[in-house]
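Worksheet: the structure to be examined is printed underneath.
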Ligand SMILES: C[S@@+](CC[C@H](N)C(=O)[O-])C[C@H]1O[C@@H](n2cnc3c(N)ncnc32)[C@H](O)[C@@H]1O
């Protein structure tokens, strides 16, 4: 299988994730984070920077009606299950437009639910019609491969770590299932915009909660590769798939900037590379884990417990 990009602990594939996943090794991935299309690009409007704008995210978000959308969710979740290790786990994020179908599709594929997280967005866009509540959360389902799987949960880090971005999390108290995390910061969009880019703080928490150093994290709908950035910063290995090259190119810029700045989150002002010279390249080689040996939160030498 040809790679679109191969960096240290950071690999990208271009194509339909169902097809790409079929070609990847079975039982090889520790954790999957998936942010599938919400299928809400159908002529409605939202508010952006005080202006009324179309909700059309792209052709990939158009969908084909309830039945076809459900079939799609069943298929990609089946393909994901094949590549997950026996003790692997998956996260699926979505709004009310998609998350219920994803839940049904997870159940049909025999995953075992662990939690659903309400990700509260304190700076959500206002509702323009004034006929509904303002949508200000997304749901994340966390499930393990099978009922008998022993999933990873870094309980102590969740309880005692520093989660300054979250006004709901009290120092030293158990991490609850409602997380308050704002939209991506402007610095996270320095290299271009993805219409549904997730905040780095959200992915950082997910990666730290449910994987250990050196684990392989896969995102079948990588977009701008927020999952990949959160993974490599925390010494995990990332594999991303997206069918749009422009988003993979944005991912490469984000990753190259991170690498050249010593894996510290940085902005274009500090950037050391000429982005016109960054070209995607095709390479063939095995994914291998290269430790950065950095002293950052989450580089816990002690492995997280497997929970049965
Ligand atoms: C909701 S966005 C993910 C955004 C991502 N979480 C981020 O932080 O940038 C969904 C992505 O899936 C991609 N996509 C849609 N259908 C796909 C498919 N069948 N296979 C692979 N990628 C797909 C789109 O191009 C889009 O970038």
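Every read-out reported here was derived from the displayed coordinates using simple, explicitly stated rules and does not represent laboratory data. Treat the numbers as computed from the prediction; the structure is a model and nothing was measured. Here the Cβ positions follow ideal geometry from the backbone for every residue, glycine too, while neighbour counts run over all protein chains shown.
Worth a mention:
- Neighbour-count order for 166, 156, fewest beta carbons within 10 angstrom listed first: 156, 166
- Mean-position separation - Cα centroids, the stretch 245-266 and the stretch 61-139, in angstrom: 27 Å
- Gyration tensor verdict on the stretch 77-191 (Cα atoms; rounded if a/c is under 1.5, prolate if a/b is larger than b/c, oblate otherwise): oblate
- Cβ crowding within 10 Å ranks 21, 128 as 128, 21, fewest other Cβ atoms first.
- Sorted by Cβ density within 10 Å, fewest first, the residues 1, 175, 158: 1, 158, 175
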